[in-house]
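Enquirer: One structure coming up, written as C-alpha cells, with questions to follow.
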Amino acid sequence: MAVRRRAARRRSRRQPDAAFLNVPYDSKYEELFLAFLAGLSGFALIPHATLEIPGSRRRLDRIVHLLRRCRYSFHDLSRVELDPTPPATPRFNMPFELGLVVALAKTQPGRHEWLVFETRSHRIWKSLSDLAGTDEYVHGGTPLGLLRALTNALVRRRRQPTIAELEEVYRDVRSYASEIKRRLRTTSVFEARAFRELVAAAQRSATRRVAALRNVRRP
C-alpha cells in the first residue's frame, strides 16, 4: 500500500514543463491542434490533454487532476460560437475549463500560468468581459499565426526556437498525423493513442529541428 501511495503522489506531482491544452476536439481545429503540439514541443514543454486519460473517472476529475500537474495551460477561446448541429448550442467547455484554471491559480499563487488565445483581436472582451486586462494571443486561425502567438506568449522561456524551426516541427507533426490515421484506421487525431504518439513525434522532431533543444534531456 505504501508503495502505491508513493507512486500515486509522484503521478500527481506538478511537472514544471507540463502544459495543459484546452482546445476544441473537432476536425476543423486539427491543423491548429497540431501546431500547438509542435509549438509547445519546440519550447521544451510537454503537451497534455484530457483525451489522453482513459478510464471510468469523471471527465471533470480528470481535468482537475491534469491541471494540478501542469505548470502552464493554454486556452483557445476562438470556438465558443454556436454549434450548427441541432439544437444550436454555444460551446461552454473551453471557458469553463479556463475558469477552473483561474480558480486554481488564485488558490496557489505562482504555481500555474495560464494563457488565452483567440482568432480575432478584442473579441474576447465581448464574449468573456471578466478577462478585461488579460493579455490575449491572436493567431488568426492559421498554424503559422499560432506558432507566432506562442513565441510571444512564451518569450520568457529560457530556450527560444525560431519561427522557421517551429514551422519545420509542425510539418513533421502534420506528416506524422497522416501516417497515424492510416495506421490506426481512424479519421481523427483526437484519440488517446493518437495523441500520445503525436506528442512523442513532436518531441523527437523538436529535439532534431530546434538548435536550442539539442542537449535537452526529455523525461
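The values are calculated or read from the model by the stated rules, or taken from the named source; none is laboratory data. As the structure is a prediction and not an experimental result, all values here were calculated from the model. All Cβ positions, even for glycine, are placed from backbone atoms using ideal geometry, and neighbour counts span all protein chains on display.
Enquirer: What tally of residues in the stretch 132-152 results from selecting those that are over 18 Å from V169 (Cα atoms) and either among the aromatic types (F, W, Y) or surrounded by 18 or more Cβ atoms within 10 Å (Cβ to Cβ) (or both)?
Expert: Looking only at that region, the number is 3.
Enquirer: For residues in the stretch 91-105 being surrounded by 11 or more Cβ atoms within 10 Å (Cβ to Cβ) and under 17 Å from R123 (Cβ atoms), which is farthest from the chain's Cα centre (by Cα)?
Expert: It comes out as R91.
Enquirer: Would you mind stating whether L67 is closer than 17 Å to R193 by Cα, in contact with a strand residue (DSSP E or B) (Cβ under 9 Å, 6 or more places away or on another chain) and either crowded, with 23+ Cβ neighbours inside 10 Å or among the basic types (K, R) (or both)?
Expert: No: the conditions fail for L67.
Enquirer: I've got another one for you. Go through (1) at pLDDT below 85; (2) within 21 Å of T151 (Cα to Cα) one by one and return the number of the condition A44 breaks.
Expert: Here A44 clears every test but (1).
Enquirer: A follow-up question, please. Go through the stretch 160-209 and give me each residue that's among the basic types (K, R), in contact (Cβ under 8 Å) with a residue 24 or more places away in the chain and over 14 Å from A44 (Cα atoms).
Expert: R174, R196
One line per residue, one yes/no per condition, for (1) among the polar types (S, T, N, Q); (2) touching a strand residue (DSSP E or B) at 6+ places or on another chain (Cβ under 6 Å); (3) at pLDDT 95 or above:
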| position | (1), (2), (3) |
| --- | --- |
| R123 | no, no, no |
| A132 | no, no, no |
| Y137 | no, yes, yes |
| L146 | no, no, yes |
| A153 | no, yes, yes |
| L166 | no, no, yes |
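Enquirer: Then there is this: Would you check which residues across the stretch 23-49 are closer than 17 Å to N93 by Cα and within 10 Å of the chain's Cα centre (by Cα) and list them?
Expert: V23, F33, H48, A49, listed by residue number.
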